[in-house]
1. What is the residue count in region 147-161 for residues that are of a type outside the set (S, T, N, Q), more than 15 Å from Val68 (Cβ to Cβ) and outside any loop (DSSP other than H, G, I, E, B)?
2. Mind checking whether some residue in region 136-155 is among the hydroxyl-bearing types (Ser, Thr, Tyr) and in contact with a His (Cβ under 7 Å, 6 or more places away or on another chain)?
3. Could you list, in sequence order, all residues of region 24-47 that are modelled with pLDDT of 85 or more, part of a loop (DSSP other than H, G, I, E, B) and under 25 Å from Gln70 (Cβ atoms)?
4. Name the single residue, out of those in region 8-23 being open to solvent by less than 80 Å² (accessible area, probe 1.4 Å) and out of contact with any strand residue (DSSP E or B) (no Cβ under 8 Å at 6 or more places or on another chain), that is modelled with the highest pLDDT.
5. Only one of (1) free of Cβ contacts under 8 Å to residues at least 24 places away in the same chain; (2) touching a strand residue (DSSP E or B) at 6+ places or on another chain (Cβ under 6 Å); (3) open to solvent by 60 Å² or more (accessible area, probe 1.4 Å); (4) not charged (D, E, K, R) fails for Ile109. Which number is that?
6. Scan region 134-158 and report the pairs whose first residue is farther than 26 Å from Glu124 by Cβ and whose second residue is surrounded by 16 or more Cβ atoms within 10 Å (Cβ to Cβ) and among the charged types (D, E, K, R), with Cβ atoms within less than 6 Å and a gap of 6+ or a chain change.
7. If a residue has to be open to solvent by 30 Å² or more (accessible area, probe 1.4 Å), over 16 Å from Lys154 (Cα atoms) and without any contact (Cβ under 8 Å) to a residue 24 or more places away in the chain to count, how many in region 71-91 make the cut?
8. Looking at region 147-154, can you tell me whether even one residue there is under 30 Å from Asp48 (Cα atoms), surrounded by fewer than 11 Cβ atoms within 10 Å (Cβ to Cβ) and at pLDDT 90 or above?
Amino acid sequence: FGSGVTVPGAGVLMNNGTMWFDPEPGKPASIAAGKRALHAANPGLVFDAAGPRMAVGSPGGRKVLSAVLQVILHKLDYGMGTQEAVAAPRVHTEGGPVSADYRLPAEVIEGLRQRGYVVNVREENYLSSYFGRPNAIWIDPADNMLHSGVEPYKMSAAAGY
């Protein structure tokens, strides 16, 4: 229930969002005047002129940010199917080492290293959580049929109405 403090007369519960700040000074997400806390809740909704096209969300704490964005980019920029976009290899970083899915081509991983990144190659499985775990629904503009993509490493299901 956040901070446990409500706005008098409004019934609005105040958040405890400072938990998302880095307590160590001098970091990109450190507490400082004018800073905004990182917040991982970012369900993605994609629209075109005709209306909604895609909904995507993910559990996974801070890894949600990169997972949701990568699914949207895979679908819109690379034309992947919905399941393919959700199950595609991902990368994640919070400013330190880069976690890279072991399924990425070796030249991609080497390219990151040549650019100066420390890369930890990770193999996601049913017991790990190196990356966010997104699920998505795409509304096909041709026939308005729903197409789902479910996270392949955890118990997942998709349903549409």
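The values are calculated or read from the model by the stated rules, or taken from the named source; none is laboratory data. Please read these numbers as outputs of a predicted model, since none were measured by experiment. Neighbour counts run over all protein chains shown; Cβ positions are idealised from the backbone, glycine included. The protein model used for the area step is the full one, side chains on, heavy atoms only, and it has no ligands, DNA or RNA in it. Shrake-Rupley method; radii C 1.70, N 1.55, O 1.52, S 1.80 Å.
1. The qualifying residues number 1.
2. No; the residues of region 136-155 include none that is among the hydroxyl-bearing types (Ser, Thr, Tyr) and in contact with a His (Cβ under 7 Å, 6 or more places away or on another chain).
3. Listed by number, the list holds a single entry, Pro43.
4. Taking the candidates together, the pick is Ala10.
5. Only one criterion is unmet by Ile109, namely (3).
6. Correct list of pairs: Ile139/Arg53.
7. 5
8. No; the residues of region 147-154 include none that is under 30 Å from Asp48 (Cα atoms), surrounded by fewer than 11 Cβ atoms within 10 Å (Cβ to Cβ) and at pLDDT 90 or above.
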